[in-house]
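**Student:** First the structure, then my questions, so here it is.
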Ligand SMILES: Cc1ncc(C[n+]2csc(CCOP(=O)(O)OP(=O)(O)O)c2C)c(N)n1
Ligand code: SF4
């Protein structure tokens, strides 16, 4: 399959130069590579996105897609996977909708360890609605909804997801397309809940391109099976633009553990059962 086969022909409405384009390319390239390597089937891939700038990705990749409510990507992914565990479910969120409106879902998705992949576009702002503060914004940021400045420290999603039990935790950079592609491939192939944070500068409301380029580095000689080491690496950056920041990218943590679907034997046979419902009879019951 050629990557172009995933194009939809829809006009993109992201700001020209938005780093979301880097994520779009990485996701398309990762799907193409995995299909070509016979690791996944294109028809089994289902994308899920909510509401935000990031969510427009559903319009730009020619795969099955479910466009759900703001902050509700994760429960929608959960439902799709439970309905048919053979599907490869890849969900997309923004940092605002994920860690504000949808925070409870993050905690429980990590705990359940369902075999799905969740990719968060982290620009530290509610960008579609013109740059308000999210739970990821830097302390002191004065924006449209916080004129006196944010008082709290940003959430650290890597620490959060690891603490709650995610079995694959990683961070990529939207402008490192080859690196992000590899990360997404690994996340999709991981058996269990895989979390991919993508640092995604918003050129209109939070342009951190230069800062990230100056401070990002790739994890090397890092033992991804060592939880304590992963936690140390996750704590290395506090999501603020300090001069001496060091920002690791790559896979922080990966472990094998029982997935949600495997804990419920009842789930196994039913989705394979060929059903032949008598719709006339069912409709008749509703009429009576
Ligand atoms: C329940 C609910 N709350 C708020 C909104 C308004 N809203 C729509 S998009 C958006 C911003 C999305 O920000 P984020 O998830 O960070 O994605 P980004 O736009 O930055 O990619 C907000 C606040 C909404 N649609 N529904
Ligand atoms: S507002 Fe920011 S995140 Fe949204 S399309 Fe424009 S540059 Fe991208």
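Quick note: the coordinates plus some simple rules give every number you see, no bench work behind them. Computed from a prediction, not measured in an experiment: that's the story for all the values here. Counting neighbours? That spans all protein chains shown, and the Cβs are built from the backbone with ideal geometry, glycine included.
**Student:** Order of 39-47, 67-75 by packing, highest average Cβ count within 10 Å first? Numbers along the way, then the final one.
**Tutor:** On the way: 39-47: 16.2, 67-75: 20.9.
Ranked from most to least packed, the peptides come out as 67-75, 39-47.
**Student:** Considering all alpha-carbon pairs of the stretch 3-287, what whole percent are spaced by more than 24 angstrom?
**Tutor:** Cα-Cα pairs of the stretch 3-287 separated by over 24 Å account for 50 percent.
**Student:** How far, in degrees from 0 to 90, does helix 103-112 lean away from the longest principal axis of the Cα atoms of the chain, to the nearest 10?
**Tutor:** Between the helix axis and the principal axis of the chain, the angle is about 60 degrees.
**Student:** If you don't mind, another one. Between the stretch 111-174 and the stretch 232-257, what is the C-alpha centre distance in whole Å?
**Tutor:** One Cα centre to the other: 13 Å.
**Student:** Could you work out how far helix 177-189 tilts from the main Cα principal axis of the chain, as a 0 to 90 degree angle to the nearest 10?
**Tutor:** 40 degrees
**Student:** How high is the relative contact order of the stretch 42-137, given as a whole-number percent (alpha carbon pairs under 8 Å, six or more residues apart)?
**Tutor:** 29 percent
**Student:** Give me the three principal axis extents of the stretch 46-142 from the C-alpha atoms, as integers in angstrom, largest value leading.
**Tutor:** For the stretch 46-142, the Cα extents along the three principal axes come out at 46, 31, 16 Å.
**Student:** Further question on the same structure: Label-point separation (nm) for residue 1 and residue 218, each offset 7 Å from Cα along Cα-to-Cβ?
**Tutor:** 2.6 nm
**Student:** So, one more: Using Cα pairs under 8 angstrom and six or more residues apart, how large is the relative contact order of the stretch 159-288, in percent?
**Tutor:** On the way: 153 pairs, mean separation 37.0, N = 130.
Relative contact order of the stretch 159-288: 28 percent.
**Student:** So if I restrict to the alpha-carbon atoms in the stretch 174-288, what is the Rg, and what is Dmax, the biggest pairwise distance, in Å?
**Tutor:** Reported Rg and Dmax, both Å: 22.8, 72.
**Student:** To continue, here is another question. Run lengths n ≥ 4 of DSSP H only: what is the helix-derived mean residue ellipticity at 222 nm for the chain, with -39500 (n - 2.57) per run over all residues, to the nearest 500? Could you put the intermediate results ahead of the total?
**Tutor:** Working: 10 runs with 91 residues, N = 288.
Result for the chain, helices only: -9000 deg cm²/dmol.
**Student:** Tell me, what is the percent relative contact order of the chain, built from C-alpha pairs under 8 Å that lie six or more residues apart?
**Tutor:** With pairs under 8 Å counted, the relative contact order is 17 percent.
**Student:** Just order 136-143, 173-180 by mean Cβ neighbour count inside 10 Å, highest at the front, would you?
**Tutor:** Order by mean packing, descending: 173-180, 136-143.
**Student:** For the stretch 225-288, what does the convex hull of the Cα positions come to per residue, in cubic angstrom? Before the final figure, lay out the partial values.
**Tutor:** On the way: hull volume 14.1 nm³, N = 64.
Dividing the Cα hull volume of the stretch 225-288 by its residue count gives 220 Å³.
**Student:** Looking at the chain, what % of its DSSP beta bridges pair antiparallel, to the nearest 5? Before the final figure, lay out the partial values.
**Tutor:** Numbers: 8 of 37 bridges.
In the chain, DSSP labels about 20 percent of beta bridges as antiparallel.
**Student:** What does the extension gain come out to for residue 146 and residue 39, with contour length at 0.36 nm per residue minus their alpha carbon separation? Spell out each step's value before the answer.
**Tutor:** Details: separation 107, 0.36 × 107 = 38.52 nm, distance 4.63 nm.
Full-extension gain reported as 33.9 nm.
**Student:** Follow-up question, since we're still on this one. Extension gain residue 258-residue 285, at 0.36 nm per residue separation less the Cα-Cα distance, in nm?
**Tutor:** Values: separation 27, 0.36 × 27 = 9.72 nm, distance 4.15 nm.
Gain on stretching residue 258 to residue 285: 5.6 nm.
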